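This report refers to the structure that appears directly beneath it.
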Amino acid sequence: RVSVYDEACAQAVVALVAGSPVPLVADIHFDFRLAIQSVENGIAKVRVNPGNIGGVENVKKLADCLKMHRVPVRIGVNSGSLEKDILVRAGGATAAAMVESALRHVRLLEDLDFRLIKISLKASDVPRTLEAYRLLAAKVDYPFHAGITESGRLLAGSVKSSAGLALLLA
């Protein structure tokens, strides 16, 4: 996964893809145009949070591009960047709030007739991440991208990520 945070990064995708022995994923925040440019430059998949790329019209433009190039998207929901209305309704960044955010984005893409979707739900603590994935698994049949976000420094982060991934995979 490569972070594509500006125009220079999006242009660099061509060289990165050409030199990579594995398919690359563009991690996009806030600017749907960078996602579109990355797809047009050969990226294999994009990771976006549809809630932070500028509204339904921008998501539609991105979905049209993804469909045309048959490129999948990972909806990346992080507990630290949930939509304000969901946070208020849920009383904070709960597992249920994370699931609500993911489902909102899934429905938006499905309404645009786009279904090449993978979902990630990441919190900085293992129990909330596990709960979120369990709740979402009962509601959708899309593949998941498992992980723990902001897990910590080397030793503590390795232990936390390993424990979280083991439990998620179990």
Quiz item: How many residues are over 12 Å from the mean Cα position of the chain (by Cα) and closer than 23 Å to residue 1 by Cβ when one looks only at the range 105-127?
Solution: 9
Quiz item: When you scan the range 45-63, how many residues do you find that are of a type in the set (Gly, Ala, Ser), over 11 Å from residue 75 (Cβ atoms) and either open to solvent by 40 Å² or more (accessible area, probe 1.4 Å) or in contact with a Phe, Trp or Tyr (Cβ under 7 Å, 6 or more places away or on another chain) (or both)?
Solution: 2
Practice problem: Might you check whether a residue that is under 12 Å from the mean Cα position of the chain (by Cα) and modelled with pLDDT of 95 or more occurs anywhere in the range 47-66? | Solution: no
Quiz prompt | Failed criterion for residue 83 (all others in (1) modelled with pLDDT of 95 or more; (2) at negative phi; (3) not small (Gly, Ala, Ser) hold) | solution = (1)
Quiz item: Quick check: anything in the range 8-26 surrounded by 15 or more Cβ atoms within 10 Å (Cβ to Cβ), at pLDDT below 95 and within 30 Å of residue 127 (Cα to Cα)?
Solution: no
Quiz item: What is the one condition in (1) open to solvent by less than 30 Å² (accessible area, probe 1.4 Å); (2) closer than 29 Å to residue 100 by Cβ; (3) in contact with a helix residue (DSSP H, G or I) (Cβ under 9 Å, 6 or more places away or on another chain); (4) not basic (Lys, Arg) that residue 3 does not satisfy?
Solution: (1)
Quiz item: Tally time: how many residues in the range 65-124 are in a loop (DSSP other than H, G, I, E, B) and either open to solvent by less than 60 Å² (accessible area, probe 1.4 Å) or in contact with a Leu (Cβ under 9 Å, 6 or more places away or on another chain) (or both)?
Solution: 14
Self-check item: residue 92, sole failed condition from (1) in contact (Cβ under 8 Å) with a residue 12 or more places away in the chain; (2) on the phi > 0 side of the Ramachandran plot; (3) not acidic (Asp, Glu)
Solution: (1)
Exercise. Filter the range 17-32 down to the residues that are part of a helix (DSSP H, G or I) and touching a Gly at 6+ places or on another chain (Cβ under 9 Å), then identify the one that is nearest to residue 73 (Cα to Cα).
Key: 32
Quiz item: Applying the selection to the range 128-154, what residues are at pLDDT 95 or above, of a type outside the set (Phe, Trp, Tyr) and within 14 Å of the chain's Cα centre (by Cα)?
Solution: 143
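The values are calculated or read from the model by the stated rules, or taken from the named source; none is laboratory data. Not measured: the values here are computed from a predicted model. Methodologically, a virtual Cβ is constructed for each residue, glycine included, from the backbone with ideal geometry; neighbour enumeration extends over all protein chains shown. Keep in mind that these areas ignore ligands, DNA and RNA; they rest on the heavy atoms of the full protein, side chains included. Shrake-Rupley method; radii C 1.70, N 1.55, O 1.52, S 1.80 Å.
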